[in-house]
Amino acid sequence: MSSAASTSSLPSGLAVLTTFPDVLFFPEIIFGGLVWILVASSMVPMAIVQGWVMFVSVFCFVMSITLLCLYLCGAHGGSSSWVTLVSGCDKP
């Protein structure tokens, strides 16, 4: 991990809404909802495939909302390991 990332403190509360990487949570949540609509309205010959895609979509959507809420609450406590957690969850 770079020294710049380890020395800076992570935002919490409404300060999360002012940092660039954390603002990307909102488009991710919006596009996640659009994926639900597209997957649910598509006609797929094998329903199990649609079920798995929907499962992954719902899981990623719930994880994004959970991480955003945890950041807003300040649950990270300033630990830089949360940066790794978020970057790992955002890159499927």
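The values are calculated or read from the model by the stated rules, or taken from the named source; none is laboratory data. Predicted model, so just to flag it, every value in this text is computed and none were measured. Positions of Cβ are generated from backbone atoms using ideal geometry, with glycine treated the same way; all protein chains shown enter the neighbour counts. The area values use the complete protein model at the heavy-atom level, side chains included, leaving out ligands, DNA and RNA. Shrake-Rupley method; radii C 1.70, N 1.55, O 1.52, S 1.80 Å.
Some points to look at:
- The slack in the chain from residue 31 to residue 73, taken as 0.36 nm per residue of separation less the alpha-carbon distance, amounts to 12.8 nm.
- Computed extension length for residue 59-residue 12: 14.6 nm, one decimal, from 0.36 nm per residue of separation with the Cα-Cα distance subtracted.
- Tensor-based shape of region 39-89 (alpha-carbon gyration tensor, a/c under 1.5 rounded, otherwise prolate or oblate): prolate
- Relative packing of 63-75, 42-54, which averages over residues the other C-beta atoms within 10 Å, highest first: 63-75, 42-54
- Sequence of 61, 26 when ordered by accessible area, the most exposed leading, probe 1.4 angstrom: 26, 61
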